[in-house]
Every structure is written in C-alpha cells, then in structure tokens.
Amino acid sequence: PGRAKPLLLSQLFQPLNLQGEAAGEGKAGEPTCRSQKLMLQAGLIHPSSPGCYFYMPPTVRAMEKLIKVMDEEMQAVGGQKLNMPSLSSAELWRASGRWDGMGPELFRLVDRHGKDYCLGPTHEEAVTELVAAQSNLSYKQLPLRLYQVTRKFRDEPKPRFGLLRSREFYMKDMYTFDTSEEAARQTYGLVCGAYCSLFDRLGLPFVKVQAATGNIGGTVSHEFQLPADVGEDRLLLCPSRHFAANVETFNEEQTSCPTCGEKLSQTRGIEVGHTFYLGTKYSSVSNAVFCSPDNKPQLAEMGCYGLGITRILAASIEVLSTEDSIRWPSLIAPYQLCFIPPKRGSKEEKEGALLLEQMYDDVAEALPHLAGDSVLDDRTQLTIGKRLKDANRLGYPYVLIAGKGVCEDPPVFEVWNQNTGEVLFLTKEGVIELLSKAQVP
C-alpha cells in the first residue's frame with residue numbers, strides 16, 4: 001500500500017508520432033536535423049511559434065536531471081545558486097555599451113511609463129549591478145561564484161534545428177568575482193574543469209576549443225563543442241590533441257598545429273558551453289568594488305560561464321542517436337526503464353502481467369531510486385515487437401519484456417540494455433543485479 005505504481009504509457013502526455021513525418025516541421029525548404037526530427041516524432045517537443053517550443057513532460061524530466069548534475073558540479077566549485085529577473089533595464093545595457101552593440105537580437109520592450117527594457121539573453125550587467133549594490137563587500141567574502149538556471153531570449157533571425165538554435169532557451173550561467181587577475185584565472189580553470197567533468201559524466205564526446213570573445217567581451221574565451229555535421233561552428237583540431245580552436249579565432253592560412261606541427265583537421269561542432277575571463281570590463285562600469293586588505297576600494301575581477309541546457313539535450317540526441325532511435329546520455333534519460341507486458345489474448349498474458357507487476361515491486365524495493373523512473377507500456381493490443389520497436393526509438397536505457405520465458409520455472413525476462421546493445425535473458429535476481437548499475441542523479 002502507498003507504493004508508487006509505474007507510469008502507464010497510455011496516460012503519459014507525450015503525443016507520439018513515430019510513424020509519419022514530424023508534425024508541423026520540415027516544411028518546404030526548412031532545414032531539419034536528426035535531433036529535431038527525433039524529438040518531434042517522440043513527442044518530446046511541440047512547436048509553438050518560430051524558435052519556441054512546448055517541452056513535454058519527459059523532456060522536462062530530462063532537463064531536471066541535467067540541472068541536478070550541473071548543480072552538483074557548480075556547487076563542487078563553490079557555486080551559489082540565485083535567480084535574476086528576465087526583464088532588464090535598458091539603462092544598465094546602455095552603460096555597458098551593449099544596448100546598441102547587441103543589435104536586433106535583443107528583444108526590446110517599453111513599459112507603460114515609457115521605460116525601455118530587454119529580455120535578458122545573458123546577465124552580466126544585472127549580476128554586476130547586484131554585487132555593486134553590496135556596499136561593504138570585503139575581500140574575505142571573495143571569491144563569489146553566483147549562478148542561475150533560467151530562460152533566456154534571443155531574437156534569432158533564422159531559428160532552426162529545433163532546440164539547437166531557438167529564440168527561447170534554458171541556460172545555466174555563472175558569474176564570478178575575484179580579488180585579483182591571478183585568482184580570477186584560477187577560478188576560470190576550476191570552472192572549465194567542472195564543465196569537463198559534467199560532459200564526461202554524460203558520456204559526451206566534447207572538445208574544448210579557443211574561441212572569440214564576441215559581444216560578451218573579455219580577453220580569454222573557450223567553447224565546449226560537440227563535433228557534429230549540423231554544427232554551425234567550424235573547428236580546427238590537432239590529431240594529437242595539443243590544440244583546438246574555433247576557425248573564427250585563427251588565421252586560416254595556418255594549417256598545422258602551433259605546438260607539434262601536425263596537420264590540423266577541420267570539423268563542425270555544436271557549441272554547448274562557453275567560458276570568458278572578463279577582467280574589469282563590467283565591474284568598472286557598475287563600480288563593483290570590494291574592500292582590500294589595506295582598506296581601499298578595489299574593482300572585482302570577473303568571469304562568466306554559460307551552459308546551454310536545452311541545447312545540450314538536443315545536441316546529445318544529435319550525436320548519440322541513430323537515424324530512427326533516440327539514445328540519451330543514460331544519466332539524464334527521462335525514464336530508465338520500460339516494462340512491456342504480454343500481448344492481450346496470448347497464452348502468457350495472465351501469468352506474465354502478474355509476474356511483471358511483482359517484478360516492478362521487487363525492483364522498487366531493491367532499488368528505490370528507480371521506482372519513479374519506470375514506464376509500463378500498457379498498449380497490450382499491440383504486439384511485443386511493435387512496443388519494443390517504439391521503446392527502442394524513445395531511448396529507454398533498459399527495456400524489460402514479459403515474453404514466453406515467463407512461463408518457465410523460474411520465470412525468465414527478456415532485457416534489452418541500450419547502452420551496450422545486448423539482449424539478456426534473466427531471472428528476477430539477474431534483472432535486479434543488472435538494474436543496480438542504472439544511475440539516476
């Protein structure tokens with residue numbers, strides 16, 4: 001009593017379109033990519049207006065898991081989470097020179113009192129103003145590493161590729177304040193290390209490349225890129241991993257690695273993270289100062305660090321999936337496990353349904369962290385093969401089937417392990433041992 005039952009697929013708000021073309025997209029001349037097509041077919045996103053999407057419940061689950069992993073990495077380097085307003089005053093942006101510098105990508109609006117605002121694509125001005133307002137900040141309180149996870153807005157001229165280039169997106173952005181350039185560069189190294197750790201935990205094949213600072217500014221900048229054909233960035237990579245850069249930072253005549261002289265290869269990438277050492281570019285405008293050991297006001301040295309949350313979701317599907325089946329980084333898959341009971345009317349129907357229910361209870365008892373991470377495909381009017389095909393396309397890391405083997409003594413379940421591509425025939429104990437490897441953040 002009181003134990004969670006598996007979520008029934010028939011009740012999950014995830015309008016599957018696994019047969020036909022992705023609904024509402026791919027109109028004549030409009031580019032689509034693998035992740036966009038798969039996410040639309042799997043009912044993970046639904047188009048709203050150009051570059052804006054509904055994120056369906058399974059996508060929100062994946063996002064929340066990803067944010068949990070990010071929180072762990074950010075807090076491991078001393079990050080403190082806050083939340084800043086989406087609406088930013090034009091005065092702040094004019095003071096930093098970015099009101100005009102950002103051009104038409106900035107969503108601008110005027111309130112009823114005639115005051116100008118923008119919807120924040122990024123929050124350097126706002127956070128610096130916040131820190132500047134702390135008039136008695138001491139060097140003992142630094143470093144400050146403040147971050148948020150929030151919706152951002154950018155008036156893309158040509159939104160495309162689903163969540164890879166949209167007008168509204170989720171981002172984790174961290175802003176750091178240090179006492180000296182040396183300390184700020186140390187922070188820079190720490191946060192870059194946390195980003196590497198995050199992508200390693202997700203099992204994503206990332207490269208960290210030298211990058212231009214663009215309209216954010218600063219003197220040092222790196223991008224975290226996932227190599228992919230649809231990527232909008234061109235990257236130059238040394239085969240021995242001595243050097244990696246975005247083409248925009250590099251003299252195109254140079255074709256060999258500046259460190260070892262080997263020929264550089266060129267590839268395309270999807271930018272999923274970006275780091276900047278800013279110096280005093282923003283702190284000098286807002287007068288964000290702290291009190292030094294000899295009691296003098298001193299400008300804080302800043303850095304800023306972004307991770308595209310919705311873009312990481314889409315990019316990971318882009319690089320890990322096959323043409324017709326989603327593969328998630330297993331840590332952030334919306335659900336870890338799909339149960340498939342026998343087909344209605346089959347001779348193992350009754351016994352199989354009971355054994356599967358018992359199996360669910362046994363898994364929930366032995367591995368409580370998986371209890372809320374399971375879906376039961378209750379569409380028993382469909383064959384097991386059809387439901388298995390759908391499960392493969394939706395990318396559950398584990399699929400557990402009550403087939404003919406459940407009538408044996410002891411009962412044997414068919415288990416598909418997406419991460420290894422193996423199909424195993426296991427008793428109850430074997431299933432629990434296999435699922436004990438499943439990770440949930």
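The values are calculated or read from the model by the stated rules, or taken from the named source; none is laboratory data. Please read these numbers as outputs of a predicted model, since none were measured by experiment. Here the Cβ is made from the backbone with ideal geometry for all residues, glycine too, and neighbour counts use every protein chain on show. Each accessible area value is taken on the protein alone, full model and side chains, heavy atoms only, with ligands, DNA and RNA left out. Shrake-Rupley method; radii C 1.70, N 1.55, O 1.52, S 1.80 Å.
Over segment 144-196, the alpha carbon radius of gyration divided by the compact-protein estimate 2.2 N^0.38 Å works out to 1.52.
Out of every Cα-Cα pair that the chain contains, those further apart than 44 angstrom amount to 22 percent. Can you send over the carbon and sulfur percentage of the accessible area for the chain, probe radius 1.4 Å, protein chains only? That share works out to 51 percent. The gain in end-to-end length when the Ser292 to Thr267 segment is fully stretched comes to 4.3 nm, 0.36 nm per residue minus the alpha carbon separation.
Dipole of the chain computed with +1 at Lys/Arg Cβ and -1 at Asp/Glu Cβ about the Cα centre; of Val399, Gly372, Pro85, farthest Cα towards the positive end is Pro85. For the pair segment 155-187 and segment 390-412, the centres of their Cα atoms are 42 angstrom apart. Calculate the length of the line joining the C-alpha centroid of segment 274-347 to that of segment 84-106, in whole Å. Cα centroid to Cα centroid, the span is 23 Å.
Per-residue packing, averaged as other Cβ atoms within 10 Å, sorts the ranges 247-254, 388-395, 424-431 into the order 388-395, 424-431, 247-254, beginning with the highest.
Tally Lys and Arg at +1 and Asp and Glu at -1 over the other residues with C-beta under 11 Å from the C-beta of Leu388: what net charge comes out?
Values: positive: Lys386, Arg387, Lys389, Arg393; negative: Asp377, Asp390, Glu414.
Overall, the nearby charge balance is +1.
Given +1 on the Cβ of Lys and Arg, -1 on the Cβ of Asp and Glu, and no further charges, what dipole in debye does segment 34-320 carry about its Cα centre, rounded to the nearest 20? Working shown, then result.
Details: 31 positive and 32 negative charges, 158 e Å.
With Lys and Arg at +1 and Asp and Glu at -1, about 760 debye.
Placing unit charges on each Cβ (+1 for Lys and Arg, -1 for Asp and Glu) gives the chain a dipole about its Cα centre, and among Thr267, Met70, Ser325 the Cα reaching farthest toward its positive end belongs to Ser325.
Based on protein heavy atoms only, segment 34-320 ends up with 43 Å² per residue of surface accessible to a 1.4 Å probe.
Note on segment 217-358: Cα Rg divided by 2.2 N^0.38 Å, N the number of residues, gives 1.74. Only alpha carbons enter this Debye calculation for segment 6-150, each as an equal point scatterer, and the log10 of I(q)/I(0) it gives at q = 0.08, 0.10, 0.21, 0.22 Å⁻¹ is -0.39, -0.59, -1.23, -1.26.
Each residue of segment 133-146 is assigned a 3J(HN,Hα), and the resulting list reads 6, 7, 5, 10, 5, 9, 4, 5, 8, 9, x, 9, 10, 10 Hz, derived from the Karplus form 6.51 cos²θ - 1.76 cosθ + 1.60 (θ = phi - 60°), x at Gly and Pro. Within a Cβ distance under 12 Å of Pro143, other residues only, what is the Lys/Arg minus Asp/Glu net charge? Net charge in that neighbourhood comes out at 0. When the charge dipole of the chain is built from unit charges on Cβ atoms (+1 for Lys and Arg, -1 for Asp and Glu) and taken about the Cα centre, the candidate among Leu144, Gly385, Cys257 whose Cα reaches farthest toward its positive end is Gly385.
Could you compute the FRET efficiency for Arg94 and Val247, with r as their C-beta to C-beta distance and R0 at 41 Å, rounded to 0.05? Write out the running numbers ahead of the final one.
Values: r = 33 Å, r/R0 = 0.80.
Approximately 0.80, to the nearest 0.05.
Of the listed pairs Lys140/Lys281; Lys152/Lys281; Lys37/Lys65; Lys5/Lys65; Lys65/Lys140; Lys347/Lys389, which have alpha-carbon separations greater than 25 Å here? Where the Cα-Cα span goes over 25 Å, the pairs concerned are Lys65/Lys140.
When peptides 302-309, 366-373 are ranked by their average number of other Cβ atoms within 10 Å per residue, the highest-first order is 302-309, 366-373. With 10 Å bins beginning at zero, the pair-distance distribution over Cα atoms of segment 148-307 amounts to 10, 32, 35, 18, 5, 0 %.
Scattering from segment 390-433 was approximated by placing one identical point on each alpha carbon and applying the Debye formula without solvent; log10 I(q)/I(0) at 0.31 1/Å stands at -1.10.
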